[in-house]
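To start, the structure under review is shown below, and the notes come after it.
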Amino acid sequence: MADKFSALNNITKDLTQKDFLGSDINVRAKKDFAYLCNQTGYNCLNNVGYQSVKTADEKVKSIGDFLIIGYDTAEKVASFPQKLLDPQRANTFVAVVVYKDDEVQDVLVFKASEFIKPKLFSIYKVLKNGTYAINIGGGLKESFKQYSFGYVLKNL
């Protein structure tokens, strides 16, 4: 597992928030996430780098704020600059829109607080170059079903 992250530690370019979130895959992920929310009965509103998700029924309930990133399964890890996420902030999540061959495979949702102190064998990593990473691997495993969009939101 360490090999998967060592290559990322060598990245020296410091991406700004605009550069990272403005990349093609992340712009597409934001649109696909909003579409998924709309189709499943949630409202998705812009909130300074995040998307605020609320229920769309008569009792509007805030679900939380989501940092949306795109992830191509051809990569080994989903990564993003640390400065984009405040893991101390309550009800904050990272939504990873997973693409394979340019098609959405799944949307995975992770609690931001999990990035505070990742454990040795955790899927969450804090890299030396100021990057957070999630070890999703080249394909979706059965073990990631617990992070699926519908499953996570149903249990909030």
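Just so you know, all these numbers are worked out from the coordinates, no wet-lab data involved. The shown structure was predicted, so the numbers you read here are calculated from the model rather than taken from an experiment. Cβ placement follows ideal geometry from the backbone for every residue including glycine, while neighbour counts extend to all protein chains displayed.
Quick look at the values:
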quantity	calculated
Cα-based helix-to-principal-axis angle, 24-39 vs the chain, degrees rounded to 10	30 degrees
Total formal charge among the other residues, if their Cβ is under 13 angstrom from that of L153, Lys/Arg +1 and Asp/Glu -1	+4
Filter on K30/K119; K30/K125; K31/K83; K125/K145 - keep pairs with C-alpha separation over 25 Å	K30/K119
Loop chymotrypsin sites (Phe, Trp or Tyr not before Pro), segment 103-156, which have at most 10 other Cβ atoms in a 10 Å radius of their Cβ (DSSP)	F121
Ratio of the Cα radius of gyration of segment 2-154 to 2.2 N^0.38 Å, where N counts its residues	1.00
Part-to-part distance (alpha-carbon centres) for segment 36-97 and segment 116-134, which is given in Å	19 Å
Within the chain: Cβ-based charge dipole about Cα centre, in debye rounded to nearest 20 (Lys, Arg +1; Asp, Glu -1)	540 debye
Fluctuation leader among N43, N129, N26 - the chain, Gaussian network, Cα springs under 10 angstrom	N129
Relative contact order (%) - criterion: Cα under 8 Å, at least six apart; region: segment 28-146	21 percent
Those GluC sites (Glu not before Pro) in segment 54-156 that DSSP places in a loop and that have at most 10 other beta carbons within 10 Å	E58
